[in-house]
Amino acid sequence: MASLSAQIPLCLALMMAACLMIGINGSIDGAQREFDYFALSLQWPGTICHKTRHCCSSNACCRGSNSPTEFTIHGLWPDYNDGTWPSCCYRSQFDVKEISTLLDALEKYWPSLYCGKSSTCFSGKGLFWAHEWEKHGTCSSPVIRDEYSYFITTLNVYFKYNVTKILNEAGYVPSNSERYPLGGIVSAIENSFRATPEVICSKEAVEEIRLCFFKDFKPRNCLASKTSCPKYVSLPAYVSMGREASESEMA
Ligand code: U2P
């Protein structure tokens with residue numbers, strides 16, 4: 001039998017190996033546990049584009065009269081019921097070639113509204129889409145297992161629930177002078193979507209609306225969070241800088 005002094009370092013080494021396997025997420029082998037539900041996060045260009053200080057070709061706010069006027073996609077996010085979320089679940093470097101057939105739709109409905117590159121999980125910086133796939137898409141298993149599926153699924157869910165149309169039909173139209181009751185905006189979405197969204201504001205302006213889904217994409221309520229919005233909110237209209245202004249800044 002090995003002596004006690006020889007057993008102590010062996011025990012320590014085994015304990016350290018076990019700790020490394022369990023990892024910071026409390027899961028065996030470092031994998032993050034399966035998510036509970038999806039949030040489709042939509043951004044309001046009217047609010048975000050107002051913050052544009054200089055233009056660049058990657059920023060859809062700089063498309064002059066072709067800048068987006070409807071909610072665009074921020075991302076499809078796998079979330080946990082406790083308000084946290086997994087991220088960067090495995091190494092899968094974003095490859096734009098895998099989604100080449102979707103690029104026209106992605107440019108239109110899932111554009112970046114900022115200049116500057118986005119952080120990616122393991123390789124530094126890249127496109128906004130690379131950020132969303134690597135950070136969130138890789139955590140969407142077992143529902144979504146590859147890059148193409150992540151983007152086509154997100155586009156399909158986005159097309160199914162047109163939040164801009166829902167709000168416009170309820171009288172909530174883009175305006176730089178009106179204020180709308182937050183409760184009215186939430187109710188309008190609830191009436192059509194049959195579940196409660198989450199609304200995120202920047203000061204009093206609506207910046208994002210999130211729709212939540214079970215794993216089979218049936219609507220469910222988002223978590224009741226402390227909202228970042230006041231009782232009355234705005235839905236700013238984006239006043240385009242005009243194509244010439246944008247182009248000369250881009251040049
Ligand atoms: O809300 C600020 C940023 O936190 C990330 N987020 C938020 C809620 C959620 O359910 N999941 C999530 O990831 C988002 O980070 P991003 O994808 O932009 O890096 C969100 O912008």
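The values are calculated or read from the model by the stated rules, or taken from the named source; none is laboratory data. What you see is a predicted model, and the numbers here were worked out from it, not measured in a lab. Every residue, glycine as well, gets a Cβ built from its backbone with ideal geometry; the counts of neighbours run over all protein chains shown. Just the protein is used for accessible areas: all its heavy atoms, side chains included, with ligands, DNA and RNA removed. Shrake-Rupley method; radii C 1.70, N 1.55, O 1.52, S 1.80 Å.
Data overview
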item: Nonlocal amide H pairs with Gly75, under 5 Å, H built at 1.01 Å; result: Ser41
item: Rounded accessible area per residue of segment 37-234, 1.4 Å, Å²; result: 47
item: Net charge dipole size for segment 37-234 [Lys, Arg +1 and Asp, Glu -1 on Cβ; Debye, nearest 20]; result: 260
item: Full-extension gain in nm, Ala31 to Ala105, via 0.36 nm per residue minus C-alpha separation; result: 23.4 nm
item: In nm, spacing of pseudo-spin labels at Gln93 and Asn156 (7 Å Cα→C-beta vector); result: 2.9
item: Percent carbon-and-sulfur accessible area, segment 130-251, ignoring ligands, DNA and RNA, probe 1.4 Å; result: 51
item: Cα centre as origin, Lys/Arg/Asp/Glu Cβ charges: segment 23-129 dipole, Debye; result: 580
item: Environment charge at Gln43 (Cβ cut-off 9 Å; Lys +1, Arg +1, Asp -1, Glu -1); result: -2
item: Set of lysines with alpha-carbon distance to Lys226 below 19 Å, sequence-local pairs under 8 removed; result: Lys203
